[in-house]
């Protein structure tokens, strides 16, 4: 199933998905902080709203793609989703044109949610269901390793080029460029994509009964290991979201490192911690097993974040950034392959959506809120362009690192049968 056309298509689509999410996860946030208000609470509200949107879109659109796959395949969802994703990314900065801060915040959150609907429909559920369709348990780790490399290459592109573009051309040009890339390359690669053999029939029952069935206890018991894995993914994600939305803000304001240098720090850390390790980790995931790699990632992430919180110089930030970025690669590859191993074959799009439920909605609502509370409670009060706000401190990385350890608890239960099961 892994033909040359498929490899090209999933390479481009994987890159674009990570590119757009990288821009949203960092530079939507910094745009609001620098352009609209330095109060971190609107960032938490936006992250939470987009997380809920991502979950609903991925679950319902993923299930819909499962039902119509026997007739049209998954290509229509990818084509429409990526085109809409590109357009709405380019439109995001127009929120700042509203002079009222309250309206500007509302419009930024609205634009982000619309963009997220298209992005989650295309990438989070349907694209990953397609990857599951064309891979097997024997090569899935390798493919996830390649996709993880693309994730880091996209982030490298964002962080390495963002500072240059934003400093020289401004935020508007930056969002136009990213949106244009997603639109054009999404169109080309979606048309290039080759569908695997389609199922003869759609999943049994109605559309809504298919979704409702997933939440029944009897169904959950049948998917016990997958449920435990999803809980682990949630705990890991909450820990990450405590600090990640505020990463660039922390480097810019608390450490007083300009955007250009901050981008270079992330660039170097991604190059060595993400890209250089992803493919070997993918092979290791197939050979050692998903569980061992995931557990090692938990320990490595905790140590890396604590070390990063203590770093102050640029070289130290790069070195410790590598220490927490490499475990993220390991975690994403191991849990990404593991979850696809456990998906019911006829409901991969729908269950891809449930991965988003546990990895996005359950994480991006409480995580940033906790981070925002830490910043407003223990951060440094500041005035930026006449507006009151708070500067995040290294505490968010220390709390995030310790919280990561909680993800090991459900991982250790996977594969162990209970007396009732």
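The values are calculated or read from the model by the stated rules, or taken from the named source; none is laboratory data. As the structure is a prediction and not an experimental result, all values here were calculated from the model. Note that each Cβ is placed from the backbone with ideal geometry, even for glycine, and that neighbours are counted across all protein chains shown.
Summary of values
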read-out: Which numbered condition residue 221 misses (of (1) over 25 Å from residue 400 (Cβ atoms); (2) at pLDDT 80 or above); value: (2)
read-out: Selection count where residues are within 25 Å of residue 273 (Cβ to Cβ) and in a loop (DSSP other than H, G, I, E, B), scope the range 137-150; value: 1
read-out: Test result for residue 114, touching a residue at least 12 places away in the same chain (Cβ under 8 Å), surrounded by fewer than 23 Cβ atoms within 10 Å (Cβ to Cβ) and out of contact with any helix residue (DSSP H, G or I) (no Cβ under 7 Å at 6 or more places or on another chain); value: no
read-out: Selection within the range 367-379 - modelled with pLDDT of 90 or more, closer than 24 Å to residue 304 by Cα and either surrounded by fewer than 17 Cβ atoms within 10 Å (Cβ to Cβ) or within 22 Å of the chain's Cα centre (by Cα) (or both); value: 367, 370, 371, 372, 373, 378
read-out: Matching option when the condition is surrounded by 22 or more Cβ atoms within 10 Å (Cβ to Cβ), under 27 Å from residue 396 (Cβ atoms) and at pLDDT below 90, among 66, 124; value: 124
read-out: Which listed residue, of 94, 89, 11, 37, is out of contact with any helix residue (DSSP H, G or I) (no Cβ under 7 Å at 6 or more places or on another chain) and over 29 Å from residue 209 (Cα atoms); value: 94
read-out: Any hit, the range 128-136, residues being over 14 Å from the mean Cα position of the chain (by Cα) and outside any helix (DSSP H, G or I); value: yes
read-out: Residues that are at pLDDT below 85 and within 17 Å of the chain's Cα centre (by Cα), drawn from the range 154-193; value: 154, 155, 156, 157, 158, 159
read-out: Counted residues, the range 280-294 - those being more than 16 Å from residue 412 (Cβ to Cβ) and under 19 Å from the mean Cα position of the chain (by Cα); value: 2
read-out: Flag for residue 329 being more than 18 Å from the chain's Cα centre (by Cα) and in contact (Cβ under 8 Å) with a residue 40 or more places away in the chain; value: no
read-out: Test: residue in the range 346-363 that is surrounded by 23 or more Cβ atoms within 10 Å (Cβ to Cβ) and more than 18 Å from the chain's Cα centre (by Cα); value: yes
read-out: Filter result (in a loop (DSSP other than H, G, I, E, B), touching a helix residue (DSSP H, G or I) at 6+ places or on another chain (Cβ under 6 Å) and over 17 Å from residue 48 (Cα atoms)) within the range 361-392; value: 392
read-out: Qualifying residue in the range 170-178 (condition: touching a residue at least 12 places away in the same chain (Cβ under 8 Å), assigned to a loop (DSSP other than H, G, I, E, B), buried (at least 16 other Cβ atoms within 10 Å of the Cβ) and in contact with a helix residue (DSSP H, G or I) (Cβ under 6 Å, 6 or more places away or on another chain)); value: no
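Quick grid of which residues meet (1) at pLDDT below 90; (2) closer than 30 Å to residue 133 by Cβ:
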site: 347; (1), (2): yes, yes
site: 385; (1), (2): yes, no
site: 391; (1), (2): no, no
site: 396; (1), (2): no, no
